[in-house]
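Peer 1: Okay, here's the structure, questions in a sec.
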Ligand code: ARG
């Protein structure tokens with residue numbers, strides 16, 4: 001790793017330009033390296049510039065700095081931002097972080113007036129503000145991505161409201177369901193994910209700026225003004241809490257972790273369904289890979305990585321929880337380690353959402369194969385037992401036994417239950433009548449489950465219509 005020296009260090013006898021007054025010696029190479037957050041917190045540059053501009057405008061409005069200095073600082077910050085946009089943020093470990101990097105460049109551009117920007121604030125409230133702004137945007141991006149995923153789920157569910165497939169418990173064929181119903185289960189999970197992100201956003205949206213190092217400031221600042229200018233609902237109410245709170249990052253990571261679990265479960269089902277013995281779906285070529293040795297292979301790598309990423313996202317949550325657990329009030333440098341897990345989780349989550357959206361939108365469902373699996377899995381056995389109870393007044397336990405014998409016979413013949421003849425069924429129990437066949441088909445089975453939230457195609461279509469309306473999808 002290379003490091004560059006801050007030219008201005010010469011002015012303070014080799015110690016830091018920002019606090020050199022108290023220091024006789026500069027930091028060791030190890031100190032500079034362990035201290036530097038610029039390699040990752042440069043991602044906050046947009047938020048840092050926006051918060052500084054709001055701060056200096058407020059300082060001028062309050063008469064704490066002159067209008068002329070404030071205007072120069074604000075213009076200078078625009079120049080710094082334009083430079084970052086064009087060339088990236090320079091990484092100088094001596095400048096430690098994005099806040100000092102920006103202030104130092106501002107000083108190079110406009111001279112001593114730059115030193116007035118840091119009046120009535122500290123990097124502690126500055127970083128808390130920047131990071132909240134960053135996480136707020138990450139929440140908005142996750143929400144937009146999840147809305148897209150929901151649209152894909154709902155469109156495919158709409159297509160397949162009547163497509164029958166086996167429903168599983170213990171991964172054993174249980175009862176027939178519709179593919180639309182199955183996909184809408186994920187719509188519900190994502191609906192809860194979005195609501196968790198919305199909760200996190202509402203709690204996050206208070207502005208720490210003006211809490212200064214930990215105790216507030218003696219300058220006559222206007223915290224309502226900076227809060228409003230940065231789109232927050234209100235300023236935070238306790239300066240000690242404001243500079244040492246990272247609940248907003250943890251709230252975000254918790255929502256992200258839970259969301260990643262849902263994406264991982266969907267990914268796992270697609271991996272399973274794409275496996276040849278299932279053969280329920282063909283994944284899009286664009287989201288699969290081939291094998292370098294086995295020409296027949298089409299591997300569900302994107303789905304597998306979504307499943308893998310969930311582990312890493314949960315790890316990010318764990319990382320920050322453990323970082324925070326023993327910290328006394330107020331700021332401690334441990335908190336600088338809050339950013340890498342949040343940045344990592346946000347990147348992994350965005351990719352995972354996009355990958356699953358593509359897979360849902362573009363996979364081909366083999367509905368004939370799904371239907372055959374439901375039929376040959378004897379998914380309507382419960383319907384036969386229910387029919388015996390309802391129509392022949394047989395106690396359920398006995399009906400269960402009779403049905404077991406019918407399944408055994410169908411299995412021996414290698415046919416679906418409704419392909420046994422009436423004579424075959426009557427040989428098992430004479431009370432079975434012709435009417436049973438109406439109950440034994442997989443279509444009759446799903447149609448019968450018309451309780452609210454059940455798998456009947458009519459129910460699924462109603463839920464799909466409600467979801468389309470909630471998502472503002474055109475009919
Ligand atoms: N780089 C620091 C961080 O990310 C900024 C705050 C530093 N504050 C301090 N008192 N050293 O947390």
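The values are calculated or read from the model by the stated rules, or taken from the named source; none is laboratory data. A quick note: this is a predicted structure, and the numbers were derived from the prediction, not measured. Reconstructed Cβ throughout: ideal geometry from the backbone, glycine too, with neighbour counts over all protein chains shown.
Peer 1: Has segment 165-180 got at least one residue that is more than 16 Å from the ligand (Cβ to nearest atom) and part of a helix (DSSP H, G or I)? Give the derivation first.
Peer 2: Within segment 165-180, the subset more than 16 Å from the ligand (Cβ to nearest atom) is 165-180.
Those still in the list that are part of a helix (DSSP H, G or I) too: 179-180.
There is at least one residue in segment 165-180 that is more than 16 Å from the ligand (Cβ to nearest atom) and part of a helix (DSSP H, G or I).
Peer 1: Looking only at segment 412-453, which residues are part of a loop (DSSP other than H, G, I, E, B), surrounded by fewer than 16 Cβ atoms within 10 Å (Cβ to Cβ) and within 47 Å of the chain's Cα centre (by Cα)? Even if it seems obvious, please write down each step before you answer.
Peer 2: Filtering segment 412-453 for residues part of a loop (DSSP other than H, G, I, E, B) gives 414-416, 420-421, 429-433, 441, 449-453.
From what is left, the residues that are surrounded by fewer than 16 Cβ atoms within 10 Å (Cβ to Cβ) are 414-415, 421, 430-431, 433, 450-453.
Hits for segment 412-453 are 414, 415, 450, 451, 452, 453.
Peer 1: If I ask for residues that are over 14 Å from residue 48 (Cα atoms) and either part of a loop (DSSP other than H, G, I, E, B) or modelled with pLDDT under 95 (or both), which ones from segment 211-230 would you list?
Peer 2: 211, 212, 213, 214, 215, 216, 217, 218, 219, 220, 221, 222
Peer 1: Applying the selection to segment 366-401, what residues are farther than 23 Å from residue 450 by Cα and in contact with a helix residue (DSSP H, G or I) (Cβ under 6 Å, 6 or more places away or on another chain)?
Peer 2: Selection gives 394 alone.
Peer 1: Sticking with this one: Can you pull out every residue in segment 321-340 that is in a helix (DSSP H, G or I), more than 13 Å from the ligand (Cβ to nearest atom) and closer than 21 Å to residue 34 by Cβ?
Peer 2: So in segment 321-340, the residues in a helix (DSSP H, G or I) come out as 321-324, 333-340.
With the extra rule that they be more than 13 Å from the ligand (Cβ to nearest atom), the set shrinks to 321-322.
Answer for segment 321-340, where residues must be in a helix (DSSP H, G or I), more than 13 Å from the ligand (Cβ to nearest atom) and closer than 21 Å to residue 34 by Cβ: just 322.
Peer 1: Filtering segment 84-122 down to residues that are outside any helix (DSSP H, G or I) and under 31 Å from the mean Cα position of the chain (by Cα), which residue is nearest to the ligand (Cβ to nearest atom)? First the steps, then the outcome.
Peer 2: The first filter runs over segment 84-122 and keeps only residues outside any helix (DSSP H, G or I), leaving 88-92, 96-97, 117-122.
Add one more test, that the residue is under 31 Å from the mean Cα position of the chain (by Cα), and what stays is 88-91, 96-97.
Values: 88: 19, 89: 14, 90: 16, 91: 13, 96: 6, 97: 4 Å.
So, considering only residues that are outside any helix (DSSP H, G or I) and under 31 Å from the mean Cα position of the chain (by Cα), the one nearest to the ligand (Cβ to nearest atom) is 97.
Peer 1: Go through segment 275-311 residue by residue and tally those that are in contact with a strand residue (DSSP E or B) (Cβ under 6 Å, 6 or more places away or on another chain) and over 22 Å from residue 370 (Cβ atoms).
Peer 2: 2
Peer 1: Can you tell me which residue among 67, 126, 150 is free of Cβ contacts under 8 Å to residues at least 40 places away in the same chain and either touching a helix residue (DSSP H, G or I) at 6+ places or on another chain (Cβ under 6 Å) or within 14 Å of the ligand (Cβ to nearest atom) (or both)? Break it down stepwise before answering.
Peer 2: Details: 126 fails: free of Cβ contacts under 8 Å to residues at least 40 places away in the same chain; 150 fails: free of Cβ contacts under 8 Å to residues at least 40 places away in the same chain.
Going through 67, 126, 150 in turn, the sole match is 67.
Peer 1: Name, by its number, the condition in (1) closer than 24 Å to residue 226 by Cβ; (2) more than 26 Å from the chain's Cα centre (by Cα); (3) in contact (Cβ under 8 Å) with a residue 40 or more places away in the chain that does not hold for residue 164.
Peer 2: With respect to (1) closer than 24 Å to residue 226 by Cβ; (2) more than 26 Å from the chain's Cα centre (by Cα); (3) in contact (Cβ under 8 Å) with a residue 40 or more places away in the chain, residue 164 is out only on (1).
Peer 1: Can you tell me which residue is farthest from residue 259 (Cα to Cα) among those in segment 195-218 that are out of contact with any helix residue (DSSP H, G or I) (no Cβ under 8 Å at 6 or more places or on another chain) and surrounded by fewer than 18 Cβ atoms within 10 Å (Cβ to Cβ)? Break it down into steps so the answer makes sense when it comes.
Peer 2: Narrowing segment 195-218 to residues out of contact with any helix residue (DSSP H, G or I) (no Cβ under 8 Å at 6 or more places or on another chain): 195, 202, 217-218.
Still in the list and also surrounded by fewer than 18 Cβ atoms within 10 Å (Cβ to Cβ): 195, 202, 218.
On the way: 195: 11, 202: 18, 218: 44 Å.
That would be 218.
Peer 1: A follow-up question, please. Just a yes or no: is a residue in segment 33-47 over 24 Å from residue 212 (Cα atoms), within 16 Å of the ligand (Cβ to nearest atom), more than 31 Å from the chain's Cα centre (by Cα) and in a helix (DSSP H, G or I)?
Peer 2: yes
Peer 1: For the condition under 13 Å from the mean Cα position of the chain (by Cα) and closer than 30 Å to residue 185 by Cβ, what is the one hit in 267, 256? Walk me through it before giving the result.
Peer 2: Numbers: 267 fails: under 13 Å from the mean Cα position of the chain (by Cα).
Criteria check complete, one pass: 256.
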